[in-house]
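The structure under discussion appears below in the form of structure tokens.
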Amino acid sequence: MGIEFTKYHGLGNDFILIDNRGSTEPCLTAEEAVRWCDRHFGIGADGVIFALPGQDGTDYTMRIFNSDGSEPEMCGNGIRCLARFIADLEGIEPNTSVTYRIRTLAGVMLPRLEPDGLVTVDMGEPRLLAAEIPTTLSQPNEKVINQPLEVAGQSWSVTCVSMGNPHCITFVEDVVAIPLAAIGPQFECHSAFPKKTNTEFIQVVRPDYLKMRVWERGAGITLACGTGACASLVAAVLTGQSDRRATVELPGGPLQIEWSASNHHLYMTGPVEKVFTGRC
Ligand code: ZDP
């Protein structure tokens, strides 16, 4: 008995995937998801993702709980994992090219399994206005680019981008030197972010190569964050520091990110791996 699950990860950002095609509501409560994500008392993961039936012309719906039980609008690495999970459920041969239309709380996303095993996701357009992030760092209909933010007794110059979920990006000389565990929570819960925020520190190594460390809203330090990598490339382009196509190196490995100049969508390409299946 129990519920069958499969663990996948994208660059070490790990998720418990559940076949929830039989119902439009997730089969776990937020509290159960917290217990399943616990790395000592549970399965261990950065989040739980449910593959629900599609609606309004989409193939599937994605819902996700963070490891603290909060529900984010979107999840970049998670939607790559979801695409592979669905292909496995549907019995699609490995290395077949297939695109899914996935409904999320941030709109429709299009992950595509590539013949080489990588997954590319059309993440849609970034949102840049303060009201859309949301943040009070600028007037509601203005962008937040290199704005000062007081955290831990220091003034940081931050740029904010929404990929459906909120991101606050700070450019630094050396990402290794940032005391992430100490300051991450203070960015996440700063009063300037009414829905809290994901927090990325970026070191521009070259215009086509960025290094990133992340403190995720509701999950803390993770090895990778797909929406964060996309938001960070947008911030780097807006501040004149990078090309529209770059490699973003995360602790768990590299993602390829492109901000299309023609349709303004973000395209994220990276790996997915299945870890194991179990029952809980
Ligand atoms: O916005 C949030 O609350 C994030 N913690 C959601 C998860 C983001 C993720 N790491 C990603 O890859 O985009 C899954």
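The values are calculated or read from the model by the stated rules, or taken from the named source; none is laboratory data. Being a predicted model, the structure only gives us computed values, none of them experimental. Positions of Cβ are backbone-derived with ideal geometry, glycine not excepted, and every protein chain shown enters the neighbour counts.
When restricted to residues that are more than 23 Å from Asp116 (Cα to Cα) and assigned to a strand (DSSP E or B), segment 226-280 contains 3. Does Leu233 fit the bill of being among the hydrophobic types (A, V, I, L, M, F, W, C), surrounded by fewer than 24 Cβ atoms within 10 Å (Cβ to Cβ) and out of contact with any Cys (no Cβ under 6 Å at 6 or more places or on another chain)? It is false that Leu233 is among the hydrophobic types (A, V, I, L, M, F, W, C), surrounded by fewer than 24 Cβ atoms within 10 Å (Cβ to Cβ) and out of contact with any Cys (no Cβ under 6 Å at 6 or more places or on another chain).
Within segment 110-133, the set of residues being part of a strand (DSSP E or B) and in contact with a helix residue (DSSP H, G or I) (Cβ under 8 Å, 6 or more places away or on another chain) comprises Pro111, Arg112, Leu113, Val119, Val121. Inclusion of Arg84 among residues that are assigned to a strand (DSSP E or B), more than 10 Å from the ligand (Cβ to nearest atom) and modelled with pLDDT of 95 or more is not warranted.
Any residue at all in segment 7-14 that's of a type in the set (Ser, Thr, Tyr), over 21 Å from the mean Cα position of the chain (by Cα) and over 20 Å from Ala106 (Cα atoms)? No - not one qualifying residue is present in segment 7-14. Summed over segment 146-172, the residues that are surrounded by fewer than 17 Cβ atoms within 10 Å (Cβ to Cβ) and either in contact (Cβ under 8 Å) with a residue 60 or more places away in the chain or among the small types (Gly, Ala, Ser) (or both) give a count of 5. Residues in segment 220-234 that are of a type in the set (Gly, Ala, Ser) and closer than 15 Å to His9 by Cα were compared, and the one that is nearest to the ligand (Cβ to nearest atom) is Gly226. For segment 206-225, taking the residues that are part of a strand (DSSP E or B) and aliphatic (A, V, I, L, M), the one that is surrounded by the fewest Cβ atoms within 10 Å (Cβ to Cβ) is identified as Ile221.
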